[in-house]
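Written below as structure tokens is the structure these notes are about.
The values are calculated or read from the model by the stated rules, or taken from the named source; none is laboratory data. Note that the structure is a prediction, hence the values are computed from the model and not measured. Here the Cβ positions follow ideal geometry from the backbone for every residue, glycine too, while neighbour counts run over all protein chains shown. Accessible surface areas use protein heavy atoms only, side chains included; no ligands, DNA or RNA. Shrake-Rupley method; radii C 1.70, N 1.55, O 1.52, S 1.80 Å.
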Amino acid sequence: MHASPSPILAAARQAVLDEAAAVAAVADDLDDSFVEVLEVLLACRGKVFVTGSGTSGAIARRLAHLLSVCGTPAAFLHPMDALHGTMGVLTAADVLLAISKGGESSEINELITIATRRDVRIVALTSAPDSTMAQRAHVVVTLDLGAGDPGGVIAMGSTLATAAWGDALAILLMRQRGYTWEQMLETHPGGAVGKRQDAVPSALGRIGDDG
């Protein structure tokens, strides 16, 4: 007979399953707002700046990195640093993508207010469509981010769900731009990835292409 799993392992597995469910639920949340963000970023003639605080900031930094890797020039803009001068990097040609589950982080909302005066296009990614951040954005993406967060307050499953949404955005932008794996590897020469020059797949086809 196999020994019964310990309560600790059972609880850990349930935590993983809860987070997996939060990520899977993003597929059902995808709607026309995703397409609108895709189109805004494809039309962007400047750079995409991604911002967020706390765990949302960690996801924002990750998304900025992945966008750049996949052919969409992007950078992370720390909201508090931005209020101390670094928002000078923003121009009317840029897009600011702000991530906040509750949409009430004062430093993000102040940054958005000033960026809007500079004619920067604002995209808000949140679970609170009536929040201050959402009301100040040009495009609002609403995700159901309640699942997978212990107590509904510790940002765990919600950050993974937000990351999954961003991953879909990055890879679809890569595909729609016709950005090739060879181009991607040219910007990623370091590490094990950079050593795979002789083992890259063909370019991702644009949506709507045959094949």
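Ratio of Rg to Rh for the chain, alpha carbon only, Kirkwood? Kindly include the intermediate steps, with their values, before the conclusion.
Details: Rg = 18.8 Å, Rh = 18.4 Å.
Expressed as Rg/Rh, it is 1.02.
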Output ³J(HN,Hα) for region 126-136: one whole-Hz value per residue in order, computed from phi by the Karplus curve 6.51 cos²θ - 1.76 cosθ + 1.60 with θ = phi - 60°, and x for Gly and Pro. 7, 9, 10, x, 9, 6, 4, 4, 5, 5, 9
Only helices counted: for the chain, with every DSSP H run of 4 or more residues adding -39500 (n - 2.57) and the sum spread over all residues, [θ] at 222 nm is -14500 deg cm²/dmol
ASP28 versus THR187: modelled label distance in nm, points set 7 Å from Cα along the beta carbon direction: 3.5 nm
Place the peptides 145-154, 182-191, 55-64 in order of packing, highest mean first, counting for every residue the other Cβ atoms within 10 Å and averaging per peptide. 55-64, 145-154, 182-191
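Treating the beta-carbon of each Lys and Arg as +1 and of each Asp and Glu as -1, no other charges, what is the dipole magnitude of the chain about its Cα centre, to the nearest 20 debye?
With only Lys, Arg, Asp and Glu charged at Cβ, the dipole is about 600 debye.
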Inverse mean reciprocal Cα-Cα distance (Kirkwood Rh) of region 130-193, Å: 14.7 Å
Of every hundred units of 1.4 Å-probe accessible area on region 118-185, the number belonging to carbon and sulfur atoms, as a percent, is 51 percent
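Please compute the per residue accessible area over region 37-126 with all protein chains in place, 1.4 Å probe, rounded to a whole number of Å². Could you put the intermediate results ahead of the total?
On the way: 3630 Å² over 90 residues.
Accessible area per residue, region 37-126: 40 Å².
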How large is Rg over Rh for region 1-80, taking Rg from the Cα atoms and Rh as the Kirkwood inverse mean of 1/r across Cα pairs? 1.19
With the chain treated as a Gaussian network of Cα nodes joined by springs under 10 Å, which of ALA192, ALA20, ALA134 yields the largest mean-square fluctuation? ALA192
